[in-house]
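Read through the structure below, which is laid out as structure tokens, and then see the notes.
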Amino acid sequence: MSKEVEGMRAADADRQQIADRLKFALDEGRLSLHEYDERIGLAYAARTHSELLALVRDLPRPGRGAADGIRRLPTALIVLWTIFGALAAVNAVVYALVTVSVDGGVYPWPIWLLVPGAALGAVTVGVQTIRKQNRKD
């Protein structure tokens, strides 16, 4: 932002935009509740753009991580993938133990885990696609 714009008076919409960024930073855990309270008070009291920009200068843009904009999966999907991985591992170990301890062929039941795995994969791709489209808008 140019020096001329930074010195301009801020509008209520500008203050609200900064307040939204501060809330996002609080939700991501980048600000403590005390820091958020302090900065939000300063945001609503700010008169110029430079005063507002100083409040978010040390924060990444919303939707961008500090590591070059890499976004992680939503927490719910991380939990689901963790549960799925644990179930798949347990099934594979039990199948291996049964196969080793029984004479003759054993039905390969762990292959049925491909169905929920494929569904979870499709949901993950869909969520990431929607999030990517929302960031562009």
Ala13 loosely packed, with under 14 Cβ neighbours inside 10 Å, modelled with pLDDT of 90 or more and more than 25 Å from the chain's Cα centre (by Cα): yes
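To keep it simple, each residue is scored yes or no on (1) more than 28 Å from Leu73 (Cα to Cα); (2) hydroxyl-bearing (Ser, Thr, Tyr); (3) surrounded by 15 or more Cβ atoms within 10 Å (Cβ to Cβ); (4) modelled with pLDDT of 90 or more.
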residue	(1), (2), (3), (4)
Gly7	yes, no, no, no
Glu38	yes, no, no, yes
Ser50	yes, yes, yes, yes
Leu53	yes, no, yes, yes
Would you confirm, using the coordinates I've provided, whether Val100 is at pLDDT below 95, among the hydrophobic types (A, V, I, L, M, F, W, C) and not in a helix (DSSP H, G or I)? no
Pick from the stretch 15-36 the residues that are assigned to a helix (DSSP H, G or I) and among the polar types (S, T, N, Q): which of them is nearest to Thr75 (Cα to Cα)? Gln17
Boolean, Arg61 is closer than 20 Å to Glu6 by Cβ and assigned to a helix (DSSP H, G or I): no
Qualifying positions in the stretch 90-133 - of a type outside the set (A, V, I, L, M, F, W, C), more than 26 Å from Ile78 (Cβ to Cβ) and exposed (fewer than 10 other Cβ atoms within 10 Å of the Cβ): Ser101, Asp103, Gly104, Gly105, Tyr107, Pro108
What about Arg72, is it surrounded by 10 or more Cβ atoms within 10 Å (Cβ to Cβ), basic (Lys, Arg) and farther than 30 Å from Gly7 by Cα? no
Does Leu52 fit the bill of being of a type outside the set (Ser, Thr, Tyr) and assigned to a helix (DSSP H, G or I)? yes
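The values are calculated or read from the model by the stated rules, or taken from the named source; none is laboratory data. Everything numeric in this text was worked out from a predicted model, so none of it was measured. Positions of Cβ are backbone-derived with ideal geometry, glycine not excepted, and every protein chain shown enters the neighbour counts.
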